[in-house]
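Everything on this sheet refers to the single structure shown next.
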């Protein structure tokens, strides 16, 4: 699309950076901007197009959706034209594309969390299945869980065979989880930034690695106070005329990082015994606002402090 809004060329290309670069590197074109909507393939496509020397910009999905919502008919062709119009009139909102190191670290954390969740899901399913037979597992630690299950089903051969399969799957998941957790610890040990982040009360290895991967390049933020809104930890303002309502936190940005900051805030409030200015501030907020609101406020403080 040219500066007047006229469509110069329109074609279909497979979602591969080499194929896209081959089309966009046509010497007859003088490209000012190449718009790429954020999505599952955007990081891979962005890296390939940027390496090819193209002026590619990854744009925010929510902002793009709001712009394209005015279209009567939603088709791939209309979406492409709408994005081209956004790039032409400079109405897009760019999105930071993480470096390869941050992408690797995020993949490690997601895989670790996935194995942990699946292992817990199997434990809960085992408890539910045994409850149908009147067998109650009760409160028991991770180490004794398997022995307790085998003792409960010792006199039921059919059920024992079923439980054996589930316990083997659980054990395999726990072993793989331990492998990835050791990799997390090794990565944190070798990273100066992560070790420095862990000096903040309540921040452990997982939170520090996740924060490092999420922020990626600190220079992209104007100041530390801009981190809170980027992670969706600041309230939404709804202002119109004489109405001025401050709502809940926006919940924009990285949901995994936000959840980890909530956990770190709760650990600081309930488990960390050593006093610090951060804990003292949080305890005063608890008395005025309650625990739940304090956890959110403290999570934002931790994000700024990190």
Could you give the angle, 0 to 90 degrees to the nearest 10, between helix 157-189's Cα long axis and the longest principal axis of the Cα atoms of the chain? 60 degrees
So for each of 259-266, 219-226 I average, over its residues, the number of other beta carbons within 10 Å; can you give me the resulting order with the highest mean first? 259-266, 219-226
So the FRET efficiency between residue 2 and residue 242, C-beta based with R0 = 45 Å and rounded to 0.05, is 0.50
Enter the angle in degrees (range 0 to 90, nearest 10) between the Cα long axis of helix 76-89 and the first principal axis of the Cα atoms of the chain, meaning the one along which they spread out most. 70 degrees
Between residue 292 and residue 91, how high is the FRET efficiency from 1/(1 + (r/R0)^6) when r is the Cβ-Cβ distance and R₀ = 45 Å? Nearest 0.05. 0.75
Rounded, prolate or oblate for the stretch 261-306? Axes are the square roots of the Cα gyration tensor eigenvalues, ordered a ≥ b ≥ c, and the cut-off for rounded is a/c under 1.5. rounded
Cα shape, the stretch 179-294, gyration tensor, a/c 1.5 rule: oblate
Provide, as a two-decimal number, the C-alpha radius of gyration of the stretch 139-217 over 2.2 N^0.38 Å, N being how many residues it has. 1.64
Quote to one decimal, in nm, the extra length available between residue 140 and residue 283 on full extension: 0.36 nm per residue of separation minus the C-alpha distance between them. 48.3 nm
Which peptide among 130-140, 193-203 comes first, and what is the full order, when sorted by highest mean count of other Cβ atoms within 10 Å? 193-203, 130-140
Rounded to the nearest whole Å³, what is the per residue volume of the convex hull around the Cα atoms of the stretch 100-190? 91 Å³
Computed FRET efficiency, Cβ-Cβ of residue 30 and residue 71, R0 22 Å: what is it to the nearest 0.05? 0.20
What's the angle, to the nearest 10 degrees (0 to 90), between helix 291-305's Cα axis and the longest principal axis of the chain? 60 degrees
Among [x] 1.01; [y] 1.05; [z] 1.30, the entry that matches Cα Rg over 2.2 N^0.38 Å as calculated here: [z]
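Values quoted throughout were computed directly from the atomic coordinates according to the rules given, and no laboratory measurement underlies them. Keep in mind it's a predicted model, so treat the numbers as computed, not measured. With ideal geometry, Cβ positions are generated from the backbone for all residues, glycine too; neighbour counts draw on all protein chains shown.
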